[in-house]
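S.K.: Below is a structure I'd like to ask you about.
Nothing in this text is a laboratory measurement; each read-out follows from the coordinates by a stated rule. Predicted model only: the values in this text are computed from it and were never measured. All Cβ positions, glycine included, derive from the backbone under ideal geometry; neighbour counts span all protein chains shown.
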């Protein structure tokens, strides 16, 4: 029983980090009906921003560890990641939502460029990949969908993949491909609670995650911008007619989701200090599963889904099935799609065609 309770605590800590990332997926889907597959890479960006801030002279002047250092590191990384989220929405998704032909061609070019980089890394292959992507975008516009708004979700999905590859390859160029180790701004000590032993880092992760989730609920339910987010989520066109600046609301949603992803990146980096430019791929996919499990578009559901995925993963590892650690989330995804596609707290929606 003691081992079981210990694994529950570890699972809640891990799941709370997944929940923070899943909230970004579910909020963006709520307002745009878009799966932002670049969200996991924003998580990576937040972890690196936290790494550089934590190693800055200002944090060292504060002693390098302690409550103030944690607040400064998290606030700075969340602010920078929120800015990245706004840039992604403004220059990637908004042009495509407006029917821009250039957006699809540009991001298919980025996909081709990154594919060439991954396949070879030689300049000729990179240029060839970019050219192939651009030609594919032009052909898409000319012979396929004209304009791209005839299938907006497919176009936005392709753009999301392009943004994701751009951030991953850009991260390797900017931060280096070699892994780095996040400084321990919170000392790791074990606290005994009867038969249970809890790491202070995991306790901080859980506390910070709960605080951020509560603050998100307050913002969404009791602030003017939160009410606007709910209005846009309910009906985008009606919200426009009521005078709501929907572009501003969507940008705020991206910023808020990106800030929470950055917080998740820092919290996970405290428990598992090794970070690299590709670190966001698997946590991003698991958080997506958590959002689907809880009912994508439902904020409370995303929190619940994150906790379930985290606990299931930790239980599998704790009871000798570590080989299936990454597979657990996808098994859950298959089961939820078969049994209740709308998710635990989601509601089935009927769309007119």
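S.K.: Over the stretch 26-88, calculate the relative contact order: mean separation of alpha carbon pairs under 8 Å at least 6 apart, over the residue count, as a percent. Walk me through the numbers on the way to the answer.
M.R.: On the way: 36 pairs, mean separation 20.1, N = 63.
Relative contact order here is 32 percent.
S.K.: Using 1/(1 + (r/R0)^6) with R0 = 41 angstrom and r between the beta carbons of residue 6 and residue 224, what's the FRET efficiency to the nearest 0.05?
M.R.: The pair residue 6/residue 224 has a calculated efficiency of 0.40.
S.K.: Within 10 Å, count the other beta carbons around each residue, average over each peptide in 243-255, 7-19, and list them highest first. Don't skip to the answer; put the middle values down first.
M.R.: Numbers: 243-255: 18.8, 7-19: 23.8.
Going by the mean number of other Cβ atoms within 10 Å, highest first, we get 7-19, 243-255.
S.K.: Here is a further query. Beta carbons within 10 angstrom, averaged per residue: use that to sort the peptides 31-39, 55-63, 164-172, 203-211, highest first. All intermediate terms of the calculation are to be shown ahead of the outcome.
M.R.: Working: 31-39: 23.1, 55-63: 13.0, 164-172: 19.6, 203-211: 17.8.
So the order, starting with the most tightly packed, is 31-39, 164-172, 203-211, 55-63.
S.K.: Fewest Cβ neighbours within 10 Å first, please rank 42, 218, 72, 28 accordingly.
M.R.: Ordered from fewest to most neighbouring Cβ atoms within 10 Å, 42, 218, 72, 28 come out as 218, 72, 28, 42.
S.K.: Among 226-237, 299-310, 258-269, 180-191, what's the highest-first ranking by average C-beta atoms within 10 angstrom per residue?
M.R.: On the way: 226-237: 16.8, 299-310: 25.6, 258-269: 29.5, 180-191: 15.1.
The most tightly packed comes first, giving 258-269, 299-310, 226-237, 180-191.
S.K.: Any idea how far apart residue 247 and residue 178 come out in nm if each label point goes 7 Å out from Cα toward Cβ?
M.R.: Result: 4.4 nm between the two label points.
S.K.: Please work out the C-alpha center-to-center distance from the stretch 288-353 to the stretch 26-86 and express it in whole Å.
M.R.: 25 Å
S.K.: Shifting gears a bit: With a point put 7 Å past each Cα toward its Cβ, work out how far residue 61 is from residue 300 in nm, to one decimal.
M.R.: About 4.6 nm, to one decimal.
S.K.: For an R0 of 25 angstrom, estimate the FRET efficiency from the Cβ-Cβ distance between residue 68 and residue 210 and round to the nearest 0.05. Please list the in-between numbers first.
M.R.: Working: r = 20 Å, r/R0 = 0.82.
About 0.75, to the nearest 0.05.
S.K.: Something else: Output the relative contact order of the stretch 174-297, whole-number percent, from Cα pairs under 8 angstrom with separation of 6+ residues. Kindly include the intermediate steps, with their values, before the conclusion.
M.R.: On the way: 77 pairs, mean separation 44.4, N = 124.
Result for the stretch 174-297 is 36 percent.
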